[in-house]
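**Q** The structure that follows is given in the form of structure tokens.
The values are calculated or read from the model by the stated rules, or taken from the named source; none is laboratory data. What you are looking at is a predicted structure, and each value in this text was computed from that prediction instead of being measured. Counting neighbours? That spans all protein chains shown, and the Cβs are built from the backbone with ideal geometry, glycine included. Heavy atoms of the whole protein, side chains included, go into the accessibility calculation; ligands, DNA and RNA do not. Shrake-Rupley method; radii C 1.70, N 1.55, O 1.52, S 1.80 Å.
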Amino acid sequence: MDRAFIFHGTGAGKYDHWFPEIKEKLEQKDIEVIRPEFPTPEGQNLENWLKILDENEAEIDENTVLIGHSTGAVFILDILDERDLEIEAVFLISGFTGKLHDERFDPLNETFAERDFDFEKIKNSAEEFFVFHSESDPYVPLEKAAELAPKLDANLELVAGAGHFNTESGYTDFPELWAKLEKFL
């Protein structure tokens, strides 16, 4: 790994949750870390997020890992579905596809998550996939992760009591993710 992208989700930004902590640890290992700031909730749609990604000068290549939280995880699936990429690894935290059946989030996530993904293409884009989820996630039901992991030939990494892996759940540090990332250093 030479480079890591960290993608935030709905209502968050690049300075939230565990993103700064993971960025700092990676940079201490001389890994370039890119954390785009996407519009949310105003202006949140796949087209706008892809434009911001394309404005970034860092390349996504075979030495890259992608880390996404919530809608950021779905955004990774969109990227891998739409582009021909070969990357090192993908980490999806509280990821999902389809509707969450939550009127607060479904309209915001529609362009990202409500589509037919080519999972064969997606899973051939990366050497390894990791799906992190918690049974106590108040926004993304565990069933979503249980559906997603087998489509990617990924192990489902269940973290007890982690909620949505956000600050509100006490996640400003993410040791479980770091333990998996270290494998790629």
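**Q** Within segment 76-88, does at least one residue satisfy the condition of being within 17 Å of His17 (Cα to Cα), open to solvent by less than 70 Å² (accessible area, probe 1.4 Å) and not aliphatic (A, V, I, L, M)?
**A** Here is the first cut: in segment 76-88, the residues within 17 Å of His17 (Cα to Cα) are none.
No - not one qualifying residue is present in segment 76-88.
**Q** Scan segment 33-60 for residues that are open to solvent by 20 Å² or more (accessible area, probe 1.4 Å), farther than 20 Å from Thr172 by Cβ and either in contact with a Leu (Cβ under 8 Å, 6 or more places away or on another chain) or among the polar types (S, T, N, Q) (or both) and report the count.
**A** Number of matching residues: 5.
**Q** Within segment 146-185, can you find the residues that are among the hydrophobic types (A, V, I, L, M, F, W, C) and more than 23 Å from Thr64 (Cα to Cα)? Write out each step before concluding.
**A** Applying the first criterion (among the hydrophobic types (A, V, I, L, M, F, W, C)) to segment 146-185 yields 146, 148-149, 152, 154, 156, 158-160, 162, 165, 174, 177-179, 181, 184-185.
Those that are among the hydrophobic types (A, V, I, L, M, F, W, C) and more than 23 Å from Thr64 (Cα to Cα): Ala146, Leu158, Val159, Ala160, Ala162.
**Q** For segment 147-161, give me each residue that is touching a His at 6+ places or on another chain (Cβ under 8 Å) and over 18 Å from Leu77 (Cβ atoms).
**A** First, pick out the residues of segment 147-161 that are touching a His at 6+ places or on another chain (Cβ under 8 Å): 156-159.
If the condition is that a residue be touching a His at 6+ places or on another chain (Cβ under 8 Å) and over 18 Å from Leu77 (Cβ atoms), then Leu158, Val159 are the ones that fit.
**Q** Which one of the conditions (1) buried (at least 18 other Cβ atoms within 10 Å of the Cβ); (2) part of a helix (DSSP H, G or I) does Lys183 fail to meet, given that it meets all the rest?
**A** Unmet for Lys183, out of (1) buried (at least 18 other Cβ atoms within 10 Å of the Cβ); (2) part of a helix (DSSP H, G or I): (1).
**Q** How many residues does segment 102-156 hold that are at pLDDT 95 or above, under 20 Å from Glu88 (Cα atoms) and of a type in the set (S, T, N, Q)?
**A** 2
**Q** Right, something else. Looking only at segment 146-180, which residues are among the hydroxyl-bearing types (Ser, Thr, Tyr) and open to solvent by less than 70 Å² (accessible area, probe 1.4 Å)? If you could, list the steps in order and put the result at the bottom.
**A** Within segment 146-180, the first condition is being among the hydroxyl-bearing types (Ser, Thr, Tyr), and the residues that meet it are 167, 169, 171-172.
If the condition is that a residue be among the hydroxyl-bearing types (Ser, Thr, Tyr) and open to solvent by less than 70 Å² (accessible area, probe 1.4 Å), then Thr167, Ser169, Tyr171 are the ones that fit.
**Q** Sticking with this one: Looking at Ile93, Ile122 in this structure, which one is closer than 20 Å to Ile60 by Cα and either in contact with a strand residue (DSSP E or B) (Cβ under 8 Å, 6 or more places away or on another chain) or open to solvent by 10 Å² or more (accessible area, probe 1.4 Å) (or both)?
**A** Values: Ile122 fails: either in contact with a strand residue (DSSP E or B) (Cβ under 8 Å, 6 or more places away or on another chain) or open to solvent by 10 Å² or more (accessible area, probe 1.4 Å) (or both).
Result of the check over Ile93, Ile122: Ile93.
**Q** When Met1 is evaluated against the numbered criteria (1) without any contact (Cβ under 8 Å) to a residue 60 or more places away in the chain; (2) assigned to a loop (DSSP other than H, G, I, E, B), which criterion, by number, is the only one it fails?
**A** Looking at each condition in turn, Met1 falls short on (1).
**Q** Can you name the strands (runs of 3 or more DSSP E) wholly within segment 17-113 that have at least 3 residues being free of Cβ contacts under 8 Å to residues at least 40 places away in the same chain? Before the answer, list the steps.
**A** Working: elements: 32-34, 64-69, 87-93.
Where strands (runs of 3 or more DSSP E) fall fully within segment 17-113 and carry at least 3 residues being free of Cβ contacts under 8 Å to residues at least 40 places away in the same chain, they are 32-34.
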